[in-house]
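Enquirer: The structure that follows is given in the form of structure tokens.
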Amino acid sequence: MSTQAVTPRRLSALIFPVCLAGLGVLIAAGYVFATTAHSARELISLVALTAAATLAERFPVPINAESGGGVISLTFVFAVAAIVLFGWAAGALLLLTATSIIQLSEHRPPVRIAFNVAVLALVALAAGALISPIDGDSVGALFARVGVAATADYWVNMILITGAIALSGGQRYLPLIRAHVRATIVPFAFMASASLMLVVLWERSPVLSIALVGPLLAISLYQRTTHRALRAMRLALTDPLTGLGNHRHFHERLQRELLNAEEQGTPVTLCFVDIDDFKKINDRFGHPSGDRVLSQVGGRLRQGGEAFRLGGDEFAVLLADHDEGMALAAANSIVERIAGADFNHIGTITVSAGLATFPVQGHGRDELIKLADSALYWAKEHGKNRVRLYRPEVVELAELKRLAAGPDKAARYRAAASLAKAVDARDTYTGRHNERVGELAARVATRLGLDPEQVELTRLAGSLHDLGKLAIPEEILQKPGTLTDSERLVLERHPQIGFRMLDSLGVDPVADLVLHHHERWDGAGYPDGLSGNQIPLGARIIFVTDAYDAITSDRLYRAKRSSEAALAELERCAGTQFDPGIVAAFAEELESSTEAAATAVPALAS
């Protein structure tokens, strides 16, 4: 049985008994009032209070303007005063008249009007019954009667109205009533004080009490004007589809949170969230369905932190006082919550998320946004439906992606070259291994007579030959012992991964060299088992220079060896693992550079 079918029956189970009880109370109130003697002064006073209550009902006071909350009516003030001054029956008839006139004029649904009137009748009966034992004309007795009447009015109204709202909206009752109490308890306490003032003034002089009606209504009108201004400001900062903060509001709040974090020395994490394959949802189900998905995702993001819709299917969540660990847990919860939700006829959807934390990474608003956006890009590019914490290399990849769409080929190559630093930061070599391999490869290419453009391409490919290792788990890269067979298979995937990264960025020649830099001269290499001259020349050069630098560098599992030992190993494997011609050219380059260094020493000394 669906929720849509259950909720109306549950709501009816509350509405009908309350309406029947309210009708009985109103009939009893009419009888009691009609059979009780009233002076002309009392009748005029009651008419005046009813007129004031009706006017107050016409201009309710907004509350929670900042969050778009509801309204409360100053009718409460006059109802409590009427119950204390003239009895519960007079109060019930006052509420019936004021509420019915205004709600009928506003063309509200008949069932809603009947329920509201019935609740107010029960309110008057409860208040009258509770104050009836309190006798005396002392100040204490007067305080007690007003306080008890106001309390009964507030809680009976709160319990019944909140019950109807919870049932009609399918919400949990206790959290909802707690929220309503927090929002209204202070305004109702002030109105109870106003009721006490009205009763005191009325007992001294009904004419004098009119002086209080004016200020109360003036406050109501002023509050309404202020509410409209604040609401207009809120709408300017709110996305109309999801109700979340918009792009402008996001930037203002992020700046404020960063200032607070800097002053207090606390972290703040920015989480960017993007719906995976949202275009396919619009194309398949239509834009109205896409809008409903956006609205539902926005609602779920509210549970994770202060959320904003930046535009399209992009959202942001501010996680104040969240370090990287806490933010990662919160973001994973968001991703899992959305992946586990059912979006009606669309089924399930997924989102990706990117995180950056102040002050660990970004130190300013724009920088933090750039880092979180780059982390989100990485999550989207590596499978989606996941969370990615910022890492230094992520920024470079995002920049490459941006440059790939532009016409500046040289800029793409410059940006690609900067990735070598990120690769070096994760690998097991000491120093700048990738940069050294690129430099050695360029020198060998030059010695082999390649044209300048091919030399630079070889240099760039050498510096990026291990780019694919960015996607290899660190526990494999940093393992001090021998790799297992499965771990080695994972590691040997890095040429293909690097190729895919570079190929999508429009640097095809470099991508090809990176793909084949582990092919062996005898065909026993990977990934394609190419042999001899089938292997691109630049890849053969990089294979030799990479092996040389690996042997002459300190590793986690062994110390470096001498240049002579490394060269001897290359020559031993020439013709099987390495291209013999490349090894010979490399040996000549090393000898040439050694001789140049030796002849430079006397020249410097002379």
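Enquirer: Answer yes or no as to whether Arg561 is open to solvent by 20 Å² or more (accessible area, probe 1.4 Å), farther than 22 Å from Arg493 by Cβ and of a type in the set (Lys, Arg). Spell out the reasoning first.
Expert: On the way: open to solvent by 20 Å² or more (accessible area, probe 1.4 Å): yes; farther than 22 Å from Arg493 by Cβ: yes; of a type in the set (Lys, Arg): yes.
Judged against the criteria, Arg561 is a match.
Enquirer: Return a yes/no flag: does the range 457-472 have any residue that is of a type in the set (Ser, Thr, Tyr), under 24 Å from Val583 (Cβ atoms), open to solvent by 40 Å² or more (accessible area, probe 1.4 Å) and modelled with pLDDT of 80 or more. Show your work before the answer.
Expert: To start, the set of residues in the range 457-472 that are of a type in the set (Ser, Thr, Tyr) comprises 458, 463.
Going one step further and asking which of them are under 24 Å from Val583 (Cβ atoms), we end up with 458, 463.
Those still in the list that are open to solvent by 40 Å² or more (accessible area, probe 1.4 Å) too: none.
Looking for residues that are of a type in the set (Ser, Thr, Tyr), under 24 Å from Val583 (Cβ atoms), open to solvent by 40 Å² or more (accessible area, probe 1.4 Å) and modelled with pLDDT of 80 or more, one finds none in the range 457-472, hence no.
Enquirer: Separate question: Could you please find all residues in the range 508-533 being touching an Asp or Glu at 6+ places or on another chain (Cβ under 9 Å), over 22 Å from Ile497 (Cβ atoms) and open to solvent by 30 Å² or more (accessible area, probe 1.4 Å)?
Expert: Trp521, Ser531, Asn533
Enquirer: Which is closer than 18 Å to Gly245 by Cα and either without any contact (Cβ under 8 Å) to a residue 60 or more places away in the chain or open to solvent by less than 10 Å² (accessible area, probe 1.4 Å) (or both), of Gly299, Gly340? Explain how you work it out, then say what you get.
Expert: Details: Gly340 fails: closer than 18 Å to Gly245 by Cα.
Within the list Gly299, Gly340, the selection yields Gly299.
Here's the yes/no breakdown for (1) assigned to a helix (DSSP H, G or I); (2) modelled with pLDDT of 80 or more; (3) over 17 Å from Trp88 (Cβ atoms):
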site	(1), (2), (3)
Leu122	yes, yes, no
Leu125	yes, yes, no
Gly128	yes, yes, no
Pro133	no, yes, no
Phe190	yes, yes, yes
Leu196	yes, yes, yes
Ala218	yes, no, yes
Arg224	yes, no, yes
His227	yes, no, yes
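Enquirer: Something else about it: Return a yes/no flag: does the range 157-179 have any residue that is open to solvent by less than 30 Å² (accessible area, probe 1.4 Å), in contact with a Ser or Thr (Cβ under 7 Å, 6 or more places away or on another chain), of a type in the set (A, V, I, L, M) and under 27 Å from Arg10 (Cα atoms).
Expert: For the range 157-179, residues open to solvent by less than 30 Å² (accessible area, probe 1.4 Å), in contact with a Ser or Thr (Cβ under 7 Å, 6 or more places away or on another chain), of a type in the set (A, V, I, L, M) and under 27 Å from Arg10 (Cα atoms): present.
The values are calculated or read from the model by the stated rules, or taken from the named source; none is laboratory data. These numbers come from a predicted model, not from an experiment. Please note: Cβ atoms are built from the backbone with ideal geometry, for glycine as well, and neighbour counts cover all protein chains shown. Keep in mind that these areas ignore ligands, DNA and RNA; they rest on the heavy atoms of the full protein, side chains included. Shrake-Rupley method; radii C 1.70, N 1.55, O 1.52, S 1.80 Å.
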